[in-house]
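What follows is a short report on a single structure.
The values are calculated or read from the model by the stated rules, or taken from the named source; none is laboratory data. Just so it is clear, the structure is predicted and the values come from calculations on it, not from any experiment. Cβ: placed from backbone, ideal geometry, glycine included. Neighbour counts: every protein chain shown. The accessibility values were calculated without ligands, DNA or RNA, using every heavy atom of the protein model including side chains. Shrake-Rupley method; radii C 1.70, N 1.55, O 1.52, S 1.80 Å.
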Amino acid sequence: MSANPEHAVVGQRVSLSGSGFAPGAVLRIVWDGYKGSWLLKKDDGIYTRNDFFGRTFEPTTTQLGSVTTDSNGAFRFGFEVPEGFGGGHDVYVKDGDTAINTVGVQVTASATM
């Protein structure tokens, strides 16, 4: 399985392609991500520069859709990179709840003003 491009920003279109699956298989495409937040502590209701204690992350999954393989067991699937923290993310192909293949997508942080 491959992703094109392998490096993207939030909202950018990515195309997956895969082969070697059973013909006519209905597969789920799942984005493995994480939700992050800052660990902060207030002193008397006010944040100061000494109140930063790091970051925390919790895993999340987002179902991007499903795809049916062709008569040769191949598929193509396009999606937009979901909102979230940058860094490495896995895109899984699942048969039911079982992951049968994966590919990585590196999400680059971006900002607009």
List, in order, the whole-Hz ³J(HN,Hα) value for each residue of the range 62-76 obtained from phi through the Karplus relation with A = 6.51, B = -1.76, C = 1.60 and θ = phi - 60°; use x for Gly and Pro. 10, 6, 8, x, 9, 9, 10, 5, 7, 5, 9, x, 10, 8, 9
Please report the spacing between the Cα centers of the range 56-113 and the range 7-22 in Å, no decimals. 7
Please name which of G20, V107, P59 has its Cα lying farthest along the dipole of the chain towards the positive end, using unit charges on Cβ (Lys, Arg +1; Asp, Glu -1) and the Cα centre as origin. V107
Nonlocal amide H pairs with L64, under 5 Å, H built at 1.01 Å: I29, V30, W31
Along the range 9-17, Karplus-curve 3J(HN,Hα) (6.51, -1.76, 1.60; θ = phi - 60°) to the nearest Hz, with x for Gly and Pro, reads 10, 3, x, 6, 7, 10, 10, 9, 9
Calculate, for the range 46-103, the solvent-accessible area per residue in square angstrom, rolling a 1.4 angstrom probe over the heavy atoms of the protein chains. 66
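Where does the longest stretch of the chain lie that holds no trypsin sites (Lys or Arg not before Pro) found in a DSSP loop with 14 or fewer other Cβ atoms within 10 Å? The partial results should precede the final answer.
Details: sites that count: K41, K42.
Of all site-free stretches, the longest is 43-113.
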Note down the net charge around G11, summing +1 for each Lys or Arg and -1 for each Asp or Glu among other residues with Cβ under 10 Å from its Cβ. -1
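Express the carbon and sulfur contribution to the solvent-accessible surface of the range 7-113 as a percent, rounded to the nearest whole number, probe 1.4 angstrom.
Details: 3400 of 6950 Å².
That fraction is 49 percent.
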Non-local amide H neighbours of N101 (under 5 Å, H modeled in plane, Pro and chain starts lacking H): which ones? V93
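How do D90, D95 rank by accessible surface area computed with a 1.4 Å probe, from largest to smallest? Write out the running numbers ahead of the final one.
Working: D90 60, D95 90 Å².
Solvent-accessible surface, decreasing: D95, D90.
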Take every Cα pair under 8 Å in the range 3-113 that's 6+ residues apart, average their separations, divide by the length, and report that relative contact order as a whole percent. 39
How charged is the neighbourhood of V103? Take every other residue with its Cβ under 10 Å from the Cβ of V103, and add Lys/Arg as +1 and Asp/Glu as -1. -2
Share of Cα-Cα pairs in the chain lying beyond 20 Å, as whole percent: 50
